[in-house]
Structure formats: C-alpha cells, structure tokens
Amino acid sequence: MIVITLTKVPKSLRGDLTKWYQEIQTGVYVGNISARIRDSLWDRIMKSIGRGEATMVYNSNNELGYQFRTTRKDREVVDFDGIPLMMHLAEAKAPIKHGFSNAAKFHRAKVMTQRASNKSASIGKSTFVALDLETTGLDATEDEIMSIGAVKRDEAGQLTEFDQLIQIDQAIPSNITNLTGLTAERLADEGIELSDGLQKLRDFVGSSSVIGYNLHFDELFLVNGFKKLEQPQLENKMVDLMPLVKKDNPFLDNYRLQTVLEDYEIEDEDPHRALPDAKATFVLATKLIENEVLKI
C-alpha cells in the first residue's frame, strides 16, 4: 500500500497520479503498485511539484513495516536504529529546487552557455518601451489616467525615461491616493493635459514595440484616451509579459506584479508608481529575453 499527500501542486501532476492511484480526498492518493513504478512516480513528482509539497508513505521491510519520503521544509526523515522517524525542524530548510537530475543539469548548463554567448548581441538588438500607467480606478471607460511612466532602450542600448503626471477632472479615491501617493493637488500643479501627455508618449515611443505587465489594462486606457481626444491610436506592436511569465514559471502562487518581481529577484524601488513600475517591468522583460521566452 502506498499513500501520497500533495499540497499546492499543478493540476497536471494531480492528473498524472490518478492514472495509478485513487484520490480518496483532495490531495490524498492511495494505491498498490510496484516499487519501480512508485520510484518513477516520485521522480515525476519531484520534477513537477513547483512550490508545492509532497509526502509519500509506502511498505518497507523494517520494524515499522513502512517508510516515507517528504519534500516538506519543516520536516526531515531520519533513521533511528533502522526506524524511520519524521523529525520536526526548529527552522525550515531552504526551499528545495525540484527537477534537476544530472541530465537536467547538463541540459541547463548547455542552454546557459548558449545564452551567455548570445546574450549581449540579442539584448543589444532589442528595442522596446516598457510602459506603466497609474489610473483613478479599474474601469477604462469611467476612470482616468493620472500618470504615465516608460523606459526606452534604443538599438545602441541607451536608456531613456518618460515620467509624466496628467491633470484629471474627477476626484481621486482615497484608496488610490494611499496606493499611489498621488493627490488632485499634485496633479493640478505638476500635471499636463491628457492630450499633451499622450502626444509626448507617442513621440517617446516612436516605432518601438511596447511591453507591459498585464498590458491589456494599460492599453484599454490608452485606447479610450486617444478615442476621447479623437487622436489616432498607437499602431505599435504590443507585448504583454503576463502570459510569458506564466509560461516561463508556471508554479507561482499568483501572478501579481510584485509576486513576479520578487520571484525573478527584481527590485521595484517604489511600487504603484508609474515610472518605477515601468523600470521594474523593463528589467523583467530583459530577463525574459535572456531566458529566450521573450523575442522582440
């Protein structure tokens, strides 16, 4: 008899296990298979578990009659005179990086070598603008753009920044002010008309590709802004990084920007501010280019 418990693992892994085990409760699988298949399935779990956890209990020729394995960071399986025990750790172990067999390590080393040799050339040729907007709310038809931030890299690899506050006609909700630090008084003093701001953005972007995180949100506000002002829409290539991040890292707990930046070890110096968010998005795009996930 074999029992496996899983938490926070991909659905595809759960589906694989149901071919061999019965799921008697959510995340609890019971079966009776050979040791060879058992070990193969454990290898499959280790490769696909992501940030989840797994524990397996199975028959064994020892005093207890069973043995177990676990990926839990707050537990460790120890052998006490031939008896397996689950030791509680006072301090959790560092996160386990699953899925790195010798073959996987060799493949990864080969890929990284190829990336390193092509890295400078590929990034140097990539020209794009990382864009972020701050708005008074989530409804592109009712709410307004308060701030536009962008970072541009040209073919020579030079970086330029765009940071512009926009005057608005409506009050700013208190939760938005708390989140962004923007007030109606500051926008009135330092902002410019939306028509001027969008024209300046158009000039800054030029013919470059525009990238963003959850770019569909920003694009809706731009479309409505241009439409309201009877200005032509941007015809630049638009690239949303969110689906690319989901492809590159399918095991994140969620895909909010701050979660993604933390996972990719990217610092956002001032979250929920247009230019700092655009700068962080720019670094994220660069990493995705290095990982050969994003091509501009």
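The values are calculated or read from the model by the stated rules, or taken from the named source; none is laboratory data. What you see is a predicted model; the values in this text were computed from it and never measured. Cβ atoms come from the backbone with ideal geometry, glycine included; neighbour counts cover every protein chain shown. Just so you know, the surface numbers come from the protein's heavy atoms only, side chains and all, with ligands and any DNA or RNA stripped out. Shrake-Rupley method; radii C 1.70, N 1.55, O 1.52, S 1.80 Å.
All told, Glu235 falls short of being assigned to a helix (DSSP H, G or I) and farther than 30 Å from Lys47 by Cβ. Only a single criterion out of (1) touching a Gly at 6+ places or on another chain (Cβ under 9 Å); (2) in a loop (DSSP other than H, G, I, E, B); (3) β-branched (Val, Ile, Thr) is not satisfied by Thr281, namely (2).
Of the strands (runs of 3 or more DSSP E) that lie entirely inside segment 14-67, those containing 3 or more residues that are under 29 Å from Leu252 (Cβ atoms) and of a type outside the set (S, T, N, Q) span 53-59. Among the residues of segment 232-239, are any open to solvent by 50 Å² or more (accessible area, probe 1.4 Å), more than 22 Å from Glu161 (Cα to Cα) and in contact (Cβ under 8 Å) with a residue 40 or more places away in the chain? No, every residue in segment 232-239 fails to be open to solvent by 50 Å² or more (accessible area, probe 1.4 Å), more than 22 Å from Glu161 (Cα to Cα) and in contact (Cβ under 8 Å) with a residue 40 or more places away in the chain. Restricting attention to segment 247-263, the residues that are open to solvent by 40 Å² or more (accessible area, probe 1.4 Å) and either at pLDDT below 90 or not charged (D, E, K, R) (or both) total 8. Every listed requirement among (1) within 16 Å of Ile148 (Cβ to Cβ); (2) open to solvent by less than 70 Å² (accessible area, probe 1.4 Å) is met by Ile266 save one, (1). For Thr160, indicate whether it is under 23 Å from Leu201 (Cβ atoms) and modelled with pLDDT of 85 or more. Yes: the conditions hold for Thr160.
Candidates are the residues of segment 1-13 that are part of a helix (DSSP H, G or I) and touching a residue at least 12 places away in the same chain (Cβ under 8 Å); the one that is least open to solvent (accessible area, probe 1.4 Å) is Leu13.
When the helices (runs of 4 or more DSSP H) confined to segment 141-226 are screened for residues that are under 29 Å from Lys246 (Cβ atoms), open to solvent by 60 Å² or more (accessible area, probe 1.4 Å) and in contact with an Asp or Glu (Cβ under 9 Å, 6 or more places away or on another chain), those reaching at least 1 such residues are found at 174-180.
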